[in-house]
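**Student:** This structure is in structure tokens; I'll ask about it shortly.
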Amino acid sequence: MHTSSHQSSRPGGFSLIELLLVLFIMCGVSAMMYSFGSARRQKSQKALCQDNLQKIYIALQIYAKDANGRLPQITNAVTSEAPLDLLVPRYSADTSIFICPGGRDPERPAGAALSQGKISYAYYMGRRLDDPAAATWPLLTDRQVDTSSKLKGKQVFSLTGDPPGNNHHKYGGNFLLGDGSVQGSGPAAPFDLLIPLPVVFLNPKP
């Protein structure tokens, strides 16, 4: 009795199409995890943002020492670029620290005037580092939704990832306090953000 067996001639392993499909899926998952609006990416970018704010604080400290405790101030300033421009280049030639790594603002050339471009951080102009209560005051924050005072729990950063206030998409932002510490938060204010006279709150250019 004659019998014959038929074995598949298909080689073992993945075909080229299957490999490409797997690669496509891996790229898609990676893009979702590390895209501009992903929670994972923004968590890491908020940490880099905190480092930026602490570097700006060093420049503010040196400026205040030269100005008898006063921080940068420009009469009739309407955006944060104008007063913070007083830090460049004497107190910081590194202009990259004024650009939030979580956002999409273009970097400024080293030593270039901030007022000629756009930065990422809002500024409470009119405060002094030699005030006894300065340690608990916010000095700079990520771009906020508007320039009004805000009570604890009220919206301060974007809820949707759309402008304004979306340096970190919909995942909140950072606050640089007068003692040099940086506190992160979600979209709601973690404490009262009041603007007592003569303080003026300035967002950066839209």
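**Student:** With 10 angstrom as the radius, rank Leu159, Leu140 by how many other C-beta atoms surround their C-beta, starting from the fewest.
**Tutor:** Leu159, Leu140
**Student:** Follow-up. Pull out a ≥ b ≥ c, the square roots of the eigenvalues of the alpha-carbon gyration tensor of region 106-149, then state rounded if a/c is under 1.5, prolate if not and a/b is larger than b/c, and oblate in the remaining case.
**Tutor:** Because a/c hits 1.5 or more and a/b fails to exceed b/c, region 106-149 counts as oblate.
**Student:** Compute the Cα gyration tensor for region 40-202, then decide on rounded, prolate or oblate, letting a ≥ b ≥ c be the square roots of its eigenvalues: rounded whenever a/c is under 1.5, prolate when a/b is larger than b/c in the other cases, and oblate in all that remain.
**Tutor:** In terms of gyration-tensor shape, oblate.
**Student:** Here's another thing I want to ask about it. Quick one: length gained pulling Ala67 to Ser149 fully straight, 0.36 nm per residue minus the C-alpha distance?
**Tutor:** Residue separation times 0.36 nm, minus the Cα-Cα distance, leaves 26.8 nm.
**Student:** Determine which residues of region 175-206 fall in the zone a paramagnetic label at Val78 would reach in this model, i.e. backbone nitrogen under 14 Å from the point 7 Å along Cα→Cβ.
**Tutor:** Answer for region 175-206: 202-206.
**Student:** Could you tell me which of rounded, prolate or oblate describes region 75-115, using a ≥ b ≥ c as the square roots of the eigenvalues of the alpha-carbon gyration tensor, with rounded for a/c under 1.5 and, failing that, prolate when a/b is larger than b/c and oblate otherwise?
**Tutor:** oblate
**Student:** Cross-link list Lys55/Lys152; Lys46/Lys154; Lys65/Lys150; Lys65/Lys118; Lys65/Lys154: which exceed 24 angstrom alpha carbon to alpha carbon?
**Tutor:** Correct reply: Lys55/Lys152; Lys65/Lys150; Lys65/Lys118; Lys65/Lys154.
**Student:** Assuming 0.36 nm per residue, please report the length gained on full extension of the stretch Leu159 to Lys43 beyond their Cα-Cα distance.
**Tutor:** Here the segment from Leu159 to Lys43 would lengthen by 40.2 nm.
**Student:** Quick check on the exposure proxy: order Phe98, Phe157 from fewest to most C-beta atoms within 10 angstrom.
**Tutor:** So the ranking, lowest neighbour count to highest, is Phe157, Phe98.
**Student:** Any idea how far apart Leu197 and Ser181 come out in nm if each label point goes 7 Å out from Cα toward Cβ?
**Tutor:** 3.2
Readers should treat all values here as calculations from the given coordinates under stated rules, not as data from a laboratory. Fair warning: this is a prediction, and the values are worked out from it, not measured in the lab. Positions of Cβ are backbone-derived with ideal geometry, glycine not excepted, and every protein chain shown enters the neighbour counts.
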